[in-house]
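The values are calculated or read from the model by the stated rules, or taken from the named source; none is laboratory data. Quantities reported herein were computed from a predicted structural model and do not represent experimental measurements. No Cβ is skipped: glycine too gets one built from the backbone with ideal geometry, and neighbour counts run over all protein chains shown.
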Amino acid sequence: MSALSQKHLIGIKHLQKSDLELIFDTAKNFKDVLQRPIKKVPSLRDITIANLFFEDSTRTRISFELAEKRLSADTINFSASGSSVKKGETLLDTVNNILAMKVDMIVMRHSSSGAPAFLAKHINANIINAGDGTHEHPTQGLLDAFSVLEKFGTLKGLNYLIIGDIKHSRVAGSDIPLLLKMGAKVKVTGPPTLIPKYIEELGVTYEPNLRKALEWCDVANVLRIQLERMDIKFIPSLREYSLYYGINKELLDSISKDITIMHPGPINRGVELNSDVADSKQSLVLQQVENGVAIRMAVLYLLAGRG
Amino acid sequence: MQKRVLIDSLQFSLTIDRLCHQLIEHYSNFENTAIIGVQPRGTQLAERIVKRLHEIQPDSKFKFGKLDITFYRDDFRQKGKPLTANETAIDFSIENSNVVLVDDVLYTGRTIRSALDAILDFGRPTAVELLVLIDRRMHRNLPIEANYIGKEIDSITTEKVKVEWKETEGKDKVWIINE
């Protein structure tokens, strides 16, 4: 029997390979639970979890909430709009007030990178990062890797390509360390303005040519262009981006091998990914969403069990 | 550390045979009956029983499953680390069928309490019975008793009962160990 090495899930970079394997194994068990007629277990019935969403979300929020309910935890939901945050309350005060009502775990999304790490230093509850600014989105990274693992059986030696807005992507921030830790090879592609300057120090390579990059990879994770995070123009226009880095069926058909396509959602159809690919058999998009619940159940279960 | 043999190889196979015959006596051809081993160690016993039942009565019609109870335990968060789960393999409905739960050792009864909870998530069985190899009577925390018992023993709480299997340890044997 083993336990996670961390009390919080702030980022993949803090986890060891054994932690990742434990999470994947546990997620597999929970995926079985989710196939049953009664998709619920009583494990976390004495736990209260607060979902603090300081930034908009559909998938992640529903996925976390469902995972919590499937584990029989009590949940409270909080979103920044319509709360006292608008009146000027600080993050720490807000969270301490919620914790004063005897909450055991916090799931938090925040637009500032490092917000969950800051909280972890000041409060006692387990914190799970549900995406912080442009830093990390660990449960997305885990569900991406889990979905690939399920399809290919192993991550070792796999060629994994991340396409698009790497600079603003917290998904890339979690995918890159996770896949490297599990022994995969990672390449990124996208317009040079959207690639972080020292990306190669993470152990990945940059290939500006989309076609060459696709020829290399087994799996391509297509990222969303995050216009909301771009305070200046990084690309001339969406049309131009789509022309050079958009993925469509014609392009994929002209590549010599079958590539598995992933997308963390929400998809800008017709920009980074065309419908003829997003809805095709090559796409793992819906499996990713399905696996999200199992992965989040595993993370919640393992962190709660650590006490 | 002291240890002594509770059941040796010969007794072991006789006990398994007796339990099988008791099951046949009650269920005859096992119509509408499922034998379910509680993971991880009850499964090993269940597999042995299933194998022997097929030898004694080849037309037995029971279904066989494995049940993991990790997520249903009541001592979650009391052990300081999470409990690692095992596979559950019940690919049939147990709605309106008879279930024989199989575990190696019955001690406090808490495992079986969890198993009863877990089994209800697969449907409503007509009846559930319990088969155990060793019953450590006098230590029950809950009002739970077995219907088929390999051997009843009196033990103290500092003692441990260990079941060894031909497949994994080389010999079928049950030990009682005082640490």
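Take the conditions (1) surrounded by 16 or more Cβ atoms within 10 Å (Cβ to Cβ); (2) modelled with pLDDT of 90 or more; (3) within 14 Å of chain A (Cβ to nearest Cβ); (4) in a loop (DSSP other than H, G, I, E, B); B:ILE119 misses just one of them, which is (4). Answer yes or no: is there a residue in segment A:195-216 that is in contact with a Pro (Cβ under 7 Å, 6 or more places away or on another chain), in a loop (DSSP other than H, G, I, E, B) and over 16 Å from A:VAL171 (Cα atoms). Taking every residue of segment A:195-216 in turn, at least one turns out to be in contact with a Pro (Cβ under 7 Å, 6 or more places away or on another chain), in a loop (DSSP other than H, G, I, E, B) and over 16 Å from A:VAL171 (Cα atoms). Taking the condition of being within 7 Å of another protein chain (Cβ to nearest Cβ) and of a type in the set (Gly, Ala, Ser), how many residues in segment A:289-307 meet it? Within segment A:289-307, residues that are within 7 Å of another protein chain (Cβ to nearest Cβ) and of a type in the set (Gly, Ala, Ser) number 3.
Quick one: would you say A:ASP231 is within 27 Å of A:ASN129 (Cα to Cα) and free of Cβ contacts under 8 Å to residues at least 24 places away in the same chain?
Numbers: within 27 Å of A:ASN129 (Cα to Cα): yes; free of Cβ contacts under 8 Å to residues at least 24 places away in the same chain: yes.
The answer is yes for A:ASP231.
Residue by residue, here is whether (1) within 8 Å of another protein chain (Cβ to nearest Cβ); (2) closer than 24 Å to B:LYS162 by Cβ; (3) free of Cβ contacts under 8 Å to residues at least 12 places away in the same chain holds:
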site: B:VAL50; (1), (2), (3): no, yes, no
site: B:LEU53; (1), (2), (3): no, no, no
site: B:GLN57; (1), (2), (3): no, no, no
site: B:ASP75; (1), (2), (3): no, yes, no
site: B:THR84; (1), (2), (3): yes, yes, no
site: B:ALA89; (1), (2), (3): no, no, no
site: B:ILE94; (1), (2), (3): no, no, no
site: B:LEU101; (1), (2), (3): no, yes, no
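To keep it simple, each residue is scored yes or no on (1) more than 25 Å from A:LEU180 (Cβ to Cβ); (2) surrounded by fewer than 20 Cβ atoms within 10 Å (Cβ to Cβ); (3) not hydroxyl-bearing (Ser, Thr, Tyr).
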| site | (1), (2), (3) |
| --- | --- |
| A:VAL107 | yes, no, yes |
| A:HIS110 | yes, no, yes |
| A:ALA117 | no, yes, yes |
| A:ILE123 | yes, yes, yes |
| A:ILE127 | no, no, yes |
| A:GLY131 | no, no, yes |
| A:LEU142 | no, no, yes |
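For residues in segment A:34-59 being among the β-branched types (Val, Ile, Thr) and facing another protein chain (nearest Cβ under 7 Å), which is surrounded by the most Cβ atoms within 10 Å (Cβ to Cβ)? Walk me through it before giving the result.
Taking segment A:34-59 and keeping what is among the β-branched types (Val, Ile, Thr), we get A:38, A:41, A:47-49, A:58.
Add one more test, that the residue is facing another protein chain (nearest Cβ under 7 Å), and what stays is A:38, A:41.
Details: A:ILE38: 11, A:VAL41: 24.
Residue satisfying both the conditions and the ranking: A:VAL41.
For segment A:234-252, residues that are more than 14 Å from A:LEU273 (Cα to Cα), surrounded by fewer than 15 Cβ atoms within 10 Å (Cβ to Cβ) and touching a residue at least 24 places away in the same chain (Cβ under 8 Å) total 0. Just one of the numbered conditions (1) in contact with an Asp or Glu (Cβ under 7 Å, 6 or more places away or on another chain); (2) within 14 Å of chain B (Cβ to nearest Cβ); (3) farther than 24 Å from A:LEU178 by Cα is not true of A:ALA73: (1). Considering (1) surrounded by 19 or more Cβ atoms within 10 Å (Cβ to Cβ); (2) outside the structural domain of A:ASN29 (by TED's automatic domain parsing), the lone condition that A:ASP276 does not fulfil carries the number (1).
Does segment A:72-81 contain at least one residue that is surrounded by fewer than 20 Cβ atoms within 10 Å (Cβ to Cβ) and in a helix (DSSP H, G or I)? Within segment A:72-81, not a single residue is surrounded by fewer than 20 Cβ atoms within 10 Å (Cβ to Cβ) and in a helix (DSSP H, G or I).
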